[in-house]
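**Q** Pasting a structure here, questions to come.
The values are calculated or read from the model by the stated rules, or taken from the named source; none is laboratory data. If you're wondering where the values come from, they're calculated on a predicted model, not measured in any experiment. Neighbour counts are summed over all protein chains in view; Cβ atoms, including those assigned to glycine, are modelled from backbone coordinates with ideal geometry.
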Amino acid sequence: MLFFSYFKELVGKEVTVELKNDLAITGTLHSVDQYLNIKLENTRVVDEAKYPHMLSVKNCFIRGSVVRYVQLPPDGVDVDILHDATRREARGT
Amino acid sequence: MALEGPHSVQQFESSSLVSYLDKKVIVLLRDGRSMIGTMGSFDQHGAIVLLKTIERMIFRRYYCDVPMGVFIARGEEVIFCGEVDPTVPQLPPHMLLVTRDEINERRKAARNTSYLKRTMRTRMSFLLGIGLRFNRGSAKNFISGVVFTLALVGGANASVCGEQI
């Protein structure tokens, strides 16, 4: 549940989600659920020339299992908190 | 079946597909196809039911729409679901509407071209091999390589060239 909590903290920030089919979508993180399914708003496809049919998509739902990477904003990562949380989780408390 | 209890739709509404119900959506499938239709239903696995579905086939700047009726996709096949904004044109103006057969023809032609390119590179790789042998200084292999090359270059002249060497 660590990354679920982590992504919940990132809601409202601008992220780029890269899918396993090489489609990359940038948008504002709207919500995330336990499977790390992601909902984005104000989306735009990074390579618009390659995916012309995605022009009119303004918000979207991405299945967690097809996500390859999530690119985060630089200020979205607090390594110390993650570090502590990982150890807390490992201790089971 | 009533949608109630601790796992009710309400609880996960913010992160589920509920907000897309009865909206026009574009769904990308794992095999690369894209479907456009009205979201009729979905479940906890992400399986979806689309109504008045069309498959939008796109190849380079050509596209066509194939009617699919009611379309049910298994959850794991669905990779992406986006709401289509009706106020924005769905395709850029340079896209051309063609028939399904034409799209298939163009895809097939492109596949054949790339196959040919690939196989030609493999077939011609022995030319590279000659260069390597020559560098190693084995004249015998080099000559046999040249004979082989010439034999390929012209069927009728092949034996003549071989005799000359």
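**Q** Could you list, ordered by first residue, the pairs with Cβ atoms under 6 Å in which the first is in the range B:46-57 and within 10 Å of chain A (Cβ to nearest Cβ) and the second is crowded, with 21+ Cβ neighbours inside 10 Å and in a loop (DSSP other than H, G, I, E, B), at least 6 apart or interchain?
**A** That search, which allows pairs on different chains as well, returns B:46/A:63.
**Q** Give me a count of the residues in the range A:35-89 that are in a loop (DSSP other than H, G, I, E, B), under 17 Å from residue A:12 (Cβ atoms) and without any contact (Cβ under 8 Å) to a residue 12 or more places away in the chain.
**A** Of the residues in that region, 2 qualify.
**Q** Taking the criterion of being surrounded by fewer than 15 Cβ atoms within 10 Å (Cβ to Cβ) and of a type outside the set (Val, Ile, Thr), would at least one residue in the range A:53-61 satisfy it?
**A** No, the range A:53-61 contains no residue that is surrounded by fewer than 15 Cβ atoms within 10 Å (Cβ to Cβ) and of a type outside the set (Val, Ile, Thr).
**Q** Across the range B:2-32, which residue is nearest to the other protein chains (Cβ to nearest Cβ) among those that are at pLDDT below 55 and part of a loop (DSSP other than H, G, I, E, B)?
**A** This residue is B:7.
**Q** Pull up the range B:24-43, narrow it to residues that are surrounded by 15 or more Cβ atoms within 10 Å (Cβ to Cβ) and over 24 Å from the mean Cα position of the chain (by Cα), then point me to the one that is nearest to residue A:66 (Cα to Cα).
**A** B:42
**Q** Select from the range A:38-48 the residues that are facing chain B (nearest Cβ under 9 Å) and under 25 Å from residue B:94 (Cα atoms) and write down the one among them that is surrounded by the fewest Cβ atoms within 10 Å (Cβ to Cβ).
**A** By that ranking, first place goes to A:48.
**Q** Moving to a separate point now. Of the conditions (1) in contact with a Gly (Cβ under 6 Å, 6 or more places away or on another chain); (2) more than 9 Å from every other protein chain (Cβ to nearest Cβ), residue A:35 fails just one. Which one is it?
**A** (2)
**Q** Could you check, for the range A:13-28, whether at least one of its residues is in a loop (DSSP other than H, G, I, E, B), β-branched (Val, Ile, Thr) and more than 14 Å from every other protein chain (Cβ to nearest Cβ)?
**A** Within the range A:13-28, none of the residues are in a loop (DSSP other than H, G, I, E, B), β-branched (Val, Ile, Thr) and more than 14 Å from every other protein chain (Cβ to nearest Cβ).
**Q** Within 14 Å of residue B:84 (Cβ to Cβ) and more than 8 Å from chain A (Cβ to nearest Cβ): does that describe residue B:39?
**A** yes
**Q** Considering the range B:44-95 alone, what residues qualify as being over 19 Å from the mean Cα position of the chain (by Cα) and hydroxyl-bearing (Ser, Thr, Tyr)?
**A** Result: B:53, B:87.
**Q** Continuing with this model, one more query. What single numbered condition from (1) modelled with pLDDT of 90 or more; (2) in contact with a helix residue (DSSP H, G or I) (Cβ under 9 Å, 6 or more places away or on another chain) fails to hold for residue B:109?
**A** (2)
**Q** Tell me yes or no: at least one residue of the range B:73-88 is loosely packed, with under 15 Cβ neighbours inside 10 Å and more than 10 Å from every other protein chain (Cβ to nearest Cβ).
**A** Yes, the range B:73-88 contains at least one residue that is loosely packed, with under 15 Cβ neighbours inside 10 Å and more than 10 Å from every other protein chain (Cβ to nearest Cβ).
**Q** Conditions first: (1) more than 8 Å from every other protein chain (Cβ to nearest Cβ); (2) touching a strand residue (DSSP E or B) at 6+ places or on another chain (Cβ under 7 Å); (3) without any contact (Cβ under 8 Å) to a residue 24 or more places away in the chain. Residue A:92 passes all but one, so which condition is the exception?
**A** Going through (1) more than 8 Å from every other protein chain (Cβ to nearest Cβ); (2) touching a strand residue (DSSP E or B) at 6+ places or on another chain (Cβ under 7 Å); (3) without any contact (Cβ under 8 Å) to a residue 24 or more places away in the chain one by one, residue A:92 breaks only (2).
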